[in-house]
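Engineer: Provided herewith is a single structure, encoded as structure tokens, for subsequent inquiry.
The values are calculated or read from the model by the stated rules, or taken from the named source; none is laboratory data. Being a predicted model, the structure only gives us computed values, none of them experimental. For neighbour counting, all protein chains shown are included, and Cβ atoms are generated from backbone atoms with ideal geometry for every residue, glycine included.
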Amino acid sequence: MALTVRLDLDHLHLVAHGERHRARLSHVPRPGETITMLCGYADFVEYTDRSAGLVGVRTCWPCDLVYRRQVGVRVPADHPGLRRPTPPT
Ligand SMILES: [Zn+2]
């Protein structure tokens, strides 16, 4: 009998240049595959384990703003993403 591993694609930590981004993924990205974040930033995928940590990683607010709008989460009037231009969704 096989062990089933279920991944929640909404909870993968996509980190680039010290910021945690978000993307709407339809599958687990393959190493080397280029994915485009909700803010429009695109880069290739490489995996690392938890030891790399997330200490000091900042939130990409434009990604957070787009994600909130897509899933229907309230956007506070003072959301930092509202201060920077966001890409079209
Ligand atoms: Zn982003």
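Engineer: Checking L25 against (1) part of a loop (DSSP other than H, G, I, E, B); (2) in contact with a Lys or Arg (Cβ under 8 Å, 6 or more places away or on another chain), only one condition comes out false. Which one?
Structural biologist: (2)
Engineer: Any residue at all in the stretch 30-37 that's aliphatic (A, V, I, L, M), within 24 Å of R6 (Cβ to Cβ) and either in contact with a Pro (Cβ under 9 Å, 6 or more places away or on another chain) or at pLDDT 95 or above (or both)? Give the derivation first.
Structural biologist: Applying the first criterion (aliphatic (A, V, I, L, M)) to the stretch 30-37 yields 35, 37.
Filter once more, keeping what is within 24 Å of R6 (Cβ to Cβ): 35, 37.
Restricting the remaining residues to those that are either in contact with a Pro (Cβ under 9 Å, 6 or more places away or on another chain) or at pLDDT 95 or above (or both) gives 35, 37.
Yes, some residue in the stretch 30-37 is aliphatic (A, V, I, L, M), within 24 Å of R6 (Cβ to Cβ) and either in contact with a Pro (Cβ under 9 Å, 6 or more places away or on another chain) or at pLDDT 95 or above (or both).
Engineer: Based on this model, can you work out whether R30 counts as within 16 Å of the ligand (Cβ to nearest atom) and assigned to a loop (DSSP other than H, G, I, E, B)? Steps first, answer last, please.
Structural biologist: Numbers: within 16 Å of the ligand (Cβ to nearest atom): no; assigned to a loop (DSSP other than H, G, I, E, B): yes.
Taking the combined requirement at face value, the residue does not satisfy it.
Engineer: Just to be sure I understand the filter: pairs with C-beta atoms under 8 Å, separated by 6 or more residues or on different chains, first member in the stretch 7-25 and within 22 Å of V55 (Cβ to Cβ), second member near the ligand (Cβ under 10 Å from one of its atoms) and of a type in the set (F, W, Y). Which pairs pass?
Structural biologist: A16/Y41; H21/Y41; R22/Y67
Engineer: Which residues, taken from the stretch 1-46, are under 10 Å from the mean Cα position of the chain (by Cα) and of a type in the set (S, T, N, Q)?
Structural biologist: If the condition is that a residue be under 10 Å from the mean Cα position of the chain (by Cα) and of a type in the set (S, T, N, Q), then T36 is the only one that fits.
Engineer: Go through the stretch 37-80 and give me each residue that's among the aromatic types (F, W, Y) and either more than 10 Å from the ligand (Cβ to nearest atom) or assigned to a loop (DSSP other than H, G, I, E, B) (or both).
Structural biologist: From the stretch 37-80, those among the aromatic types (F, W, Y) are 41, 44, 47, 61, 67; that's our starting set.
Within the stretch 37-80, Y41, F44, Y47 qualify.
Conditions tested, residue by residue: (1) aliphatic (A, V, I, L, M); (2) surrounded by 14 or more Cβ atoms within 10 Å (Cβ to Cβ); (3) within 24 Å of R83 (Cα to Cα).
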| site | (1), (2), (3) |
| --- | --- |
| A23 | yes, yes, yes |
| E33 | no, no, no |
| C60 | no, yes, yes |
| Y67 | no, yes, yes |
| Q70 | no, no, yes |
